[in-house]
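What follows is one structure encoded as structure tokens, with my remarks underneath.
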Protein chains: 2
Amino acid sequence: MSLGPGDPDYLAPRAKGVLKDASVIVGYRTYMQLIEPAVLEGKETIETGMTDEIQRCQLAIEKALEGKDTAVVSSGDAGIYGMAGLVLQLLEERKLLGEVNVEVIPGIPALSAAAALLGAPLMHDFAVISLSDLLTPWEVIQSRVEAAAKADFVIVLYNPKSKKRTWQLDRAIEMISEHRSGETPVGLVRNAMREAQAVRITTLSHLDKSEVDMLTILLVGNSQTQIMGEKMVTPRGYNIKV
Amino acid sequence: MSLGPGDPDYLAPRAKGVLKDASVIVGYRTYMQLIEPAVLEGKETIETGMTDEIQRCQLAIEKALEGKDTAVVSSGDAGIYGMAGLVLQLLEERKLLGEVNVEVIPGIPALSAAAALLGAPLMHDFAVISLSDLLTPWEVIQSRVEAAAKADFVIVLYNPKSKKRTWQLDRAIEMISEHRSGETPVGLVRNAMREAQAVRITTLSHLDKSEVDMLTILLVGNSQTQIMGEKMVTPRGYNIKV
């Protein structure tokens, strides 16, 4: 299930209800802290580190097999680079898909929260790309960045950087810059709708990559995107006078 | 502001609060009906037809200039093909951006609601494309479909068809089929989390385009997407054993 950006004000009643009704709540440590303590009270909770995703989902499946209502939490939308797929993959592999009842609860994804804080950058076609090459060959990622840049998609970059992955963002920005003007607006959002939220609008040529870390999501405008006042806006059509 | 899929169970508390506090609520007729009647009681409401978007936003700006708290509603996420951009564009054009205080309230987008009902098709990079060529030249749309298909993005198609626009979907599916196997899973979702919800998983070669209408959103898998039981799942990595 999806926690949305993290602020309880953006948690759908359905998601809140699921958390309330679950006997077991499983999640990555940092995301568990987004849940109101009162909701967790009296429940079994399983918190693991970020890279223990498979173990975490296996534990959740064990709990479900014991007949316990179990919620696996993701921040943002569990259906976008979240845990929903892994749970289903593991169930399929263990031939348990028919046996365990799974419901995916959608939430407000990070890309929507970031877009809202920036203005309206996603009014036109966009491509969503994770720059993490831990599970995907860099050649695949690279070809997607290239394709999206060339076809004038607004580009949303997830996982732009981590402590160990630093050159991927440089390379991606280089590739995009071959197809877009240096004046193209770029929005950076960190911790959308959470404590320590940071929002910044800059341009491709002025982007300071040292401001980007693993908690940042980047939105690169297309050829039509403009900075209007303090907002980043992609007009909804091409050459249309509103 | 964003209504999410329509079911009040998926309306964020923040969005509900904004509706409650607004004195004027402006929206497309069909979407206004998604709002609980009790919330609208005693408020000024402005409902217009689907194509009256500019007029609708201008009326909302007039109300805001009169000092009234005004909410412009979109279904799904107002930031994805919604009203957020048009409001900001019109304010910019009228040089009112600094004068009128605008907040974009994100919501659960149609793509997230549809993905959740299908399983987990958006676990990997995806491209979101509207097939409506009312405001965008078909050549631009075509080049994006082609680029997304070639670079193995999962593809989300908004506005696949209307009564007057029927050939665009045929052409898009043709282009995608040049790069993907006929066995590629395709998910169709109509009225996600609303009355008359319909969810269907098929394949590129078996897609019955007569099942698609303007309320349908299509998700076309990438080369890794599989049908698992009754779910459509894109694994989170390439060639990775979970």
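The values are calculated or read from the model by the stated rules, or taken from the named source; none is laboratory data. Not measured: the values here are computed from a predicted model. A quick note on method: Cβ atoms are made from the backbone with ideal geometry, for glycine too, and the neighbour counts reach across all protein chains shown.
A few notes on this one:
- Among all residues of region A:180-188, there is at least one that is modelled with pLDDT of 95 or more and within 14 Å of chain B (Cβ to nearest Cβ).
- Hits in region A:72-92 (condition: aliphatic (A, V, I, L, M) and surrounded by fewer than 24 Cβ atoms within 10 Å (Cβ to Cβ)): A:LEU90, A:LEU91
- Conditions (1) at pLDDT 95 or above; (2) acidic (Asp, Glu); (3) over 30 Å from A:SER223 (Cβ atoms); (4) surrounded by 14 or more Cβ atoms within 10 Å (Cβ to Cβ); number of the one not met by A:GLU103: (4)
- Against the numbered list (1) within 28 Å of A:MET1 (Cβ to Cβ); (2) crowded, with 24+ Cβ neighbours inside 10 Å; (3) not assigned by TED's automatic domain parsing to the domain that holds A:LEU19, A:GLY98 comes up short only at (2).
- Helices (runs of 4 or more DSSP H) (entirely within region A:1-90) containing at least 2 residues that are touching a residue at least 24 places away in the same chain (Cβ under 8 Å) and out of contact with any Lys or Arg (no Cβ under 8 Å at 6 or more places or on another chain): A:13-21, A:29-32, A:53-65
- Verdict on A:VAL87 being over 23 Å from B:ILE80 (Cβ atoms), more than 7 Å from chain B (Cβ to nearest Cβ) and either touching a helix residue (DSSP H, G or I) at 6+ places or on another chain (Cβ under 6 Å) or of a type in the set (S, T, N, Q) (or both): yes
- Residue in region B:41-51 that is small (Gly, Ala, Ser) and in contact with a Ser or Thr (Cβ under 8 Å, 6 or more places away or on another chain) present: no
- Test: residue in region A:156-171 that is hydrophobic (A, V, I, L, M, F, W, C) and in contact with a Phe, Trp or Tyr (Cβ under 9 Å, 6 or more places away or on another chain): yes
- Residue within region B:140-158 that is assigned to a loop (DSSP other than H, G, I, E, B), among the hydrophobic types (A, V, I, L, M, F, W, C) and closer than 20 Å to A:GLY82 by Cβ present: yes
Residue by residue, here is whether (1) crowded, with 22+ Cβ neighbours inside 10 Å; (2) over 20 Å from the mean Cα position of the chain (by Cα); (3) basic (Lys, Arg) holds:
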position: A:GLU139; (1), (2), (3): no, yes, no
position: A:SER143; (1), (2), (3): no, yes, no
position: A:ALA147; (1), (2), (3): yes, yes, no
position: A:ALA151; (1), (2), (3): yes, yes, no
position: A:VAL154; (1), (2), (3): yes, no, no
position: A:PRO160; (1), (2), (3): yes, no, no
position: A:LEU169; (1), (2), (3): no, no, no
position: A:GLU174; (1), (2), (3): no, yes, no
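- Residue check, A:ALA148 touching a strand residue (DSSP E or B) at 6+ places or on another chain (Cβ under 7 Å), within 12 Å of chain B (Cβ to nearest Cβ) and among the small types (Gly, Ala, Ser): yes
- A count restricted to region B:101-143 and to residues that are more than 7 Å from every other protein chain (Cβ to nearest Cβ) and either among the acidic types (Asp, Glu) or touching a His at 6+ places or on another chain (Cβ under 7 Å) (or both) stands at 3.
- If you go through region A:21-44 and pick out every residue that is basic (Lys, Arg) and exposed (fewer than 13 other Cβ atoms within 10 Å of the Cβ), you end up with 1.
- For the criterion of being touching a helix residue (DSSP H, G or I) at 6+ places or on another chain (Cβ under 7 Å) and in contact (Cβ under 8 Å) with a residue 60 or more places away in the chain, B:LYS231 passes.
- Flag if B:LYS63 is within 14 Å of chain A (Cβ to nearest Cβ) and among the basic types (Lys, Arg): no
- Candidate set from region B:193-217 (those that are in contact (Cβ under 8 Å) with a residue 12 or more places away in the chain and in a loop (DSSP other than H, G, I, E, B)); member that is nearest to B:MET228 (Cα to Cα): B:LEU207
- Residue in region B:126-136 that is part of a loop (DSSP other than H, G, I, E, B), of a type in the set (Ser, Thr, Tyr) and surrounded by fewer than 24 Cβ atoms within 10 Å (Cβ to Cβ) present: yes
- Residue in region B:213-223 that is modelled with pLDDT of 95 or more and either surrounded by fewer than 19 Cβ atoms within 10 Å (Cβ to Cβ) or assigned by TED's automatic domain parsing to the domain that holds B:THR30 (or both) present: yes
- Considering each residue of region A:113-124 in turn, none proves to be surrounded by fewer than 24 Cβ atoms within 10 Å (Cβ to Cβ), of a type outside the set (A, V, I, L, M, F, W, C) and touching a residue at least 12 places away in the same chain (Cβ under 8 Å).
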